[in-house]
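S.K.: Input: one structure, supplied below.
The values are calculated or read from the model by the stated rules, or taken from the named source; none is laboratory data. Please read these numbers as outputs of a predicted model, since none were measured by experiment. Don't worry about glycine lacking a Cβ; one is built from the backbone with ideal geometry, like all the others, and counts go over all protein chains shown.
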Amino acid sequence: MLFENFAKQFLSKKLIFAIELKVSGIEHDVLNIIKKYSNFDNIYITSFDYQILYNVRKINHDVKLGWLIEDNINTDNITKALNINCSQICPNAQKVSKEEIKLANASGLAVRLWGVVNENVMKKCYKLDVEGMTVNFPDKLNDLLN
């Protein structure tokens, strides 16, 4: 119910949402709620759990997926991401290199970073060629972008 309240209030806004699924078994419900309040254009379903993303892809062929990874970007996880038609691969911001980003981009994957824990990491990430980053201080990111 909490997610539906969020969806009702925010998903129609002109914002990009990365909705992280942390447990399996809720994929259908989440997708149905999103469908009720959005057309999926501004939604990425993300998870560290590859099986959850696999399940989501079986249910919906069009929703954008972002695979959150603990490892560095490499050809193995790029191949797995492409096997379920991920749009993004999402490594830890503090461990990613420019070469890894180029490797992902060359394979057709955008890169969105997580683990942006402070402004210094955010400023470093801003200089990289990434699609986005997950931050807990959007006001500071907005200041940097402006």
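S.K.: When you scan region 51-146 for helices (runs of 4 or more DSSP H) that lie fully inside it, which ones turn up with 1 or more residues that are modelled with pLDDT under 95 and among the small types (Gly, Ala, Ser)?
M.R.: In region 51-146, there are no helices (runs of 4 or more DSSP H) which contain 1 or more residues that are modelled with pLDDT under 95 and among the small types (Gly, Ala, Ser).
S.K.: Considering region 32-50 alone, what residues qualify as being among the aromatic types (Phe, Trp, Tyr), under 17 Å from Thr134 (Cβ atoms) and either crowded, with 21+ Cβ neighbours inside 10 Å or at pLDDT below 95 (or both)?
M.R.: Selection gives Tyr44 alone.
S.K.: Just the residues that are in contact (Cβ under 8 Å) with a residue 60 or more places away in the chain and assigned to a strand (DSSP E or B), please, taken from region 1-36.
M.R.: Passing the criteria: only Ala18.
S.K.: Filter region 97-146 for residues that are among the aromatic types (Phe, Trp, Tyr) and touching a residue at least 40 places away in the same chain (Cβ under 8 Å) and give the result.
M.R.: Hit for region 97-146 is Trp114, nothing else.
S.K.: Among (1) of a type outside the set (S, T, N, Q); (2) surrounded by 13 or more Cβ atoms within 10 Å (Cβ to Cβ); (3) over 19 Å from Lys95 (Cβ atoms), where does Ile78 come up short?
M.R.: (3)
S.K.: Same structure, new question: Answer with yes or no whether Lys98 is among the basic types (Lys, Arg), surrounded by fewer than 13 Cβ atoms within 10 Å (Cβ to Cβ) and either assigned by TED's automatic domain parsing to the domain that holds Ala7 or in contact with a Gly (Cβ under 7 Å, 6 or more places away or on another chain) (or both).
M.R.: no
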